[in-house]
1. Counting just the residues of segment 92-117 that are of a type in the set (Gly, Ala, Ser) and assigned to a loop (DSSP other than H, G, I, E, B), which one comes out modelled with the highest pLDDT?
2. Could you pull out the residue among ASN27, ASN94 that is over 16 Å from ASP3 (Cα atoms) and touching a strand residue (DSSP E or B) at 6+ places or on another chain (Cβ under 7 Å)?
3. Has segment 9-23 got any residue that is outside any loop (DSSP other than H, G, I, E, B), open to solvent by less than 90 Å² (accessible area, probe 1.4 Å) and touching a Lys or Arg at 6+ places or on another chain (Cβ under 8 Å)?
4. Any residue at all in segment 43-57 that is farther than 20 Å from LYS89 by Cβ and out of contact with any Asp or Glu (no Cβ under 9 Å at 6 or more places or on another chain)?
5. So how many residues does segment 46-91 have that are open to solvent by less than 90 Å² (accessible area, probe 1.4 Å) and part of a strand (DSSP E or B)?
Amino acid sequence: GGDVKGPMLNGTVVPHSGGDWPMYWPNGAVEFTANYMLQADDGTLILIKNRGFRYANPEVTARMERLDPVDPSEYYMRLSPFFEAPVGKYDWMNRSVFIGTANRQADHSVFRFWLVK
């Protein structure tokens, strides 16, 4: 769940509409893939396929695993989402490149995406 807010899309994350699959690397990095649905304010459903990496030193990683508060400046977490939207108002997302950052909290994450023009 969650909210989607931006200049070109507003809506919600559809609860229980997908999942994520982390892969833990020996060097402490985490590669993840997450697929889930967004619902625009007008009801349009949009699939997001979000891929990214997170890396932190071992001390910060241990704090994150304990769900302690960690400032985003203490770790690297970058995203490259792809979207599948139906033909219409949001199909521009299907042919656009996005980059993003994430701020991981104990009970949720905050993602920020930018359209690369």
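The values are calculated or read from the model by the stated rules, or taken from the named source; none is laboratory data. Model, not experiment: these values are computed from the prediction. Counting neighbours? That spans all protein chains shown, and the Cβs are built from the backbone with ideal geometry, glycine included. Just the protein is used for accessible areas: all its heavy atoms, side chains included, with ligands, DNA and RNA removed. Shrake-Rupley method; radii C 1.70, N 1.55, O 1.52, S 1.80 Å.
1. SER96
2. Values: ASN27 fails: touching a strand residue (DSSP E or B) at 6+ places or on another chain (Cβ under 7 Å).
The match here is ASN94.
3. Residues of segment 9-23 outside any loop (DSSP other than H, G, I, E, B): 11-13, 19-23.
Going one step further and asking which of them are open to solvent by less than 90 Å² (accessible area, probe 1.4 Å), we end up with 11-13, 19, 22.
Subsequent filtering for residues that are touching a Lys or Arg at 6+ places or on another chain (Cβ under 8 Å) retains none.
No, the conditions are met nowhere in segment 9-23.
4. yes
5. The first filter runs over segment 46-91 and keeps only residues open to solvent by less than 90 Å² (accessible area, probe 1.4 Å), leaving 46-50, 52-54, 56-57, 60-64, 67-68, 70-72, 74-75, 77, 79-81, 83, 85-86, 88, 90-91.
Within this subset, residues satisfying the condition of being part of a strand (DSSP E or B) are 46-50, 52-54, 77, 79-81, 83.
Residues meeting the conditions: 13.
A quick yes/no check of all residues on (1) without any contact (Cβ under 8 Å) to a residue 40 or more places away in the chain; (2) closer than 19 Å to GLU31 by Cα; (3) out of contact with any Gly (no Cβ under 6 Å at 6 or more places or on another chain):
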| site | (1), (2), (3) |
| --- | --- |
| ASP68 | yes, no, yes |
| PRO72 | yes, yes, yes |
| GLU84 | yes, no, yes |
| GLY88 | no, no, yes |
| ASP91 | yes, no, yes |
| PHE113 | no, yes, no |
| LYS117 | yes, no, yes |
